[in-house]
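A.B. asks: One structure, as structure tokens, below. Some questions next.
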Amino acid sequence: MKFSIKDILRPNIASLAPYSCARDEYDGDDATFLDANENPYDTGYNRYPDPMQRELKKRISAIKAVGEDMILLGNGSDEIIDILIRSVCRPSGVDNVVTFIPGYSMYDVSAHINDVEVRSISLTPSFMPDIERYWQVADGNTRLTFICTPHNPIGTAVPLEDIELLCSKSKGLIVVDEAYIDFSSIPSAVTLLDKYPNLVILQTLSKSWGMAGLRLGMCFASREIIAVLNKVKAPYNISSETQKIALSLLNDVKAYEERKNEILRERERLLAELEKMSIFTHVYASQGNFILVRSNHCDEIYKYLVDNKVVVRKRDIPPLIGGGIRITVGTPQENDLLIDLLIKYNTSVE
Ligand SMILES: *Cc1c(COP(=O)(O)O)cnc(C)c1O
């Protein structure tokens with residue numbers, strides 16, 4: 001397939017002379033560093049971090065089976081979404097991005113901050129991207145198409161064939177947000193990277209790896225795309241402490257697996273309990289670490305839980321998920337607390 005990121009770059013990005021930081025020029029670590037106006041006295045943090053996060057990428061590359069030069073790290077996926085928009089979308093009504101709704105609202109927010117037009121398409125009744133409709137809505141100025149799989153907040157997964165179809169026919173970038181992929185039984189689109197030069201995959205350490213507080217998002221794409229994004233990102237966007245802690249947590253795969261498997265067991269237990277309650281009109285099986293339920297009493301249930309100091313997320317988005325509440329899978333104790341409260345509520349209204 002003929003695709004080059006160069007054909008869709010904003011002109012100012014295509015001609016950008018990137019900021020060159022002192023640490024780009026010399027990459028050893030055994031020299032006397034008088035190049036970056038750092039304070040020479042060791043506070044633990046007096047040196048600038050590695051702008052390319054090489055150690056961390058080496059580890060992520062091994063875990064994800066993606067080349068180190070096909071990885072960009074961001075201050076959360078949210079930073080990467082912003083970098084993508086700023087790199088390829090000319091603002092003020094020229095280019096556009098396509099999103100599917102209901103969905104993760106950060107794509108829309110980030111586009112709006114950048115004054116980029118958003119074209120939203122409703123998911124199908126079975127919560128899949130409406131591909132038929134897509135070809136009517138997308139045009140030659142559609143630079144980015146965001147696909148979230150497993151989907152937040154519904155928890156459904158998009159088949160890889162649909163992603164391949166979009167990649168093969170679209171002239172822009174297809175951005176597949178796999179924030180919840182580690183909780184799912186579906187294969188990652190990472191295996192398609194060699195086949196589709198316009199495919200961009202987002203993953204994060206925030207969810208399955210338990211590092212939301214660190215802020216580390218990952219982007220996997222062709223070397224050509226990653227090289228552009230590297231030019232646009234802030235030079236020192238990941239702090240040295242973040243790099244260090246992430247690396248040590250990524251090395252503890254056993255603890256990661258244990259936590260993840262417990263969440264998966266609890267997800268199925270929670271699902272079974274929620275399905276028994278008549279207050280919910282719908283309870284959706286999920287490939288993520290959350291479950292979407294729907295109720296005709298969603299406001300009352302939400303308030304009742306908050307009054308009992310349990311906070312869930314209201315996702316009351318008609319028509320597709322009217323009355324929706326998204327519940328994150330907690331620890332067994334947290335889930336017990338939630339289930340007990342909901343059983344009490346359910347009996348009181350029956
Ligand atoms: C949680 C989440 C992310 C992760 O965002 P970070 O900025 O990496 O914490 C990305 N996409 C979706 C759909 C999410 O739900």
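No lab work stands behind these numbers, since they all come straight from the coordinates. Everything numeric in this text was worked out from a predicted model, so none of it was measured. Glycine gets a Cβ as well: all are built from the backbone with ideal geometry, and neighbour counts include every protein chain shown.
A.B. asks: Using Cα pairs under 8 angstrom and six or more residues apart, how large is the relative contact order of region 5-251, in percent?
C.D. replies: 24 percent
A.B. asks: Hey, another quick one. Provide the three semi-axes, in whole Å and in decreasing order, of the ellipsoid equivalent to region 164-262 as defined by the square roots of 5 times the Cα gyration tensor eigenvalues.
C.D. replies: For region 164-262, the ellipsoid semi-axes come out as 26, 20, 9 Å.
A.B. asks: Select from K207, K254, K244 the residue whose mean-square fluctuation is largest in a Gaussian network model of the chain (Cα-Cα springs shorter than 10 Å).
C.D. replies: K254
A.B. asks: How much length would be gained if the chain were fully extended between A22 and E275, taking 0.36 nm per residue of separation minus their Cα-Cα distance, in nm to one decimal?
C.D. replies: Net length gain for the segment: 85.3 nm.
A.B. asks: Right, here's the next one. Where nothing but the Cβ of Lys and Arg (+1) and of Asp and Glu (-1) is charged, how large is the charge dipole of the chain around its Cα centre, in debye to the nearest 20?
C.D. replies: Value, rounded to 20: 500 debye.
A.B. asks: Now for a separate question. Taking 8 Å as the Cα distance limit and 6 or more residues as the minimum spacing, I'd like the relative contact order of region 75-193 as a percentage.
C.D. replies: Once divided by the residue count of region 75-193, the mean separation gives 22 percent.
A.B. asks: Let me ask you something else. Grab every C-alpha pair in the chain, bin the distances at 20 angstrom width from 0 up to the longest one, and report whole percents.
C.D. replies: In order of increasing distance, the bins hold 28, 53, 18, 1 percent.
A.B. asks: Report the antiparallel proportion of the DSSP beta bridges in the chain as a percent, rounded to a multiple of 5.
C.D. replies: Of all bridge pairs located within the chain, approximately 50 percent are antiparallel.
A.B. asks: Take the chain, connect every pair of alpha-carbon atoms lying under 10 Å apart with a spring to form a Gaussian network, then pick out the residue of N46, N296, N141 with the largest mean-square fluctuation.
C.D. replies: Looking only at N46, N296, N141, the largest GNM fluctuation is found for N46.
A.B. asks: Which three numbers, in whole Å and largest first, are the semi-axes of the equivalent ellipsoid of region 254-349 derived from its Cα gyration tensor as √(5λ)?
C.D. replies: 22, 15, 12
A.B. asks: Gaussian network model of the chain, Cα springs within a sub-10 Å range: biggest mean-square fluctuation belongs to which of A17, A111, A189?
C.D. replies: In this elastic network of the chain, the residue with the biggest mean-square fluctuation among A17, A111, A189 is A17.
A.B. asks: Related question: When all C-alpha to C-alpha distances in region 20-124 are sorted into bins of 5 Å, what percent of pairs does each bin hold, rounded to whole numbers?
C.D. replies: 2, 10, 14, 14, 13, 14, 13, 9, 6, 4, 1, 0, 0
A.B. asks: Say the cut-off is 21 Å between C-alpha atoms; which of K57/K169; K171/K195; K64/K244 go over it?
C.D. replies: K57/K169
A.B. asks: Further question on the same structure: Arrange the following residues from fewest to most other Cβ atoms within 10 Å of their Cβ: L144, L84, L250.
C.D. replies: Sorted ascending by nearby Cβ count, the order is L250, L144, L84.
A.B. asks: Specify which residue in the list Y19, S126, C219 is farthest towards the positive end of the charge dipole of the chain, using unit charges on the beta carbon of Lys, Arg (+1) and Asp, Glu (-1), about the Cα centre.
C.D. replies: S126
A.B. asks: Provide the packing ranking of 48-57, 31-40, i.e. peptides ordered by the mean count of other C-beta atoms within 10 Å per residue, highest first.
C.D. replies: Highest to lowest by the protection proxy: 48-57, 31-40.
A.B. asks: Going Cα to Cα from K344, which lysines come in below 18 Å? Please leave out same-chain ones fewer than 8 positions away.
C.D. replies: Output for K344: K276, K303, K309.
A.B. asks: Hey, got the Cα dimensions of region 41-85 along the principal axes, in Å, largest first?
C.D. replies: In descending order, the Cα extents are 37, 27, 14 Å.
A.B. asks: Could you give the dipole magnitude of region 254-349 about its Cα centre, charging the beta-carbon of Lys and Arg +1 and that of Asp and Glu -1, in debye to the nearest 20?
C.D. replies: That gives region 254-349 a dipole magnitude of about 240 debye.
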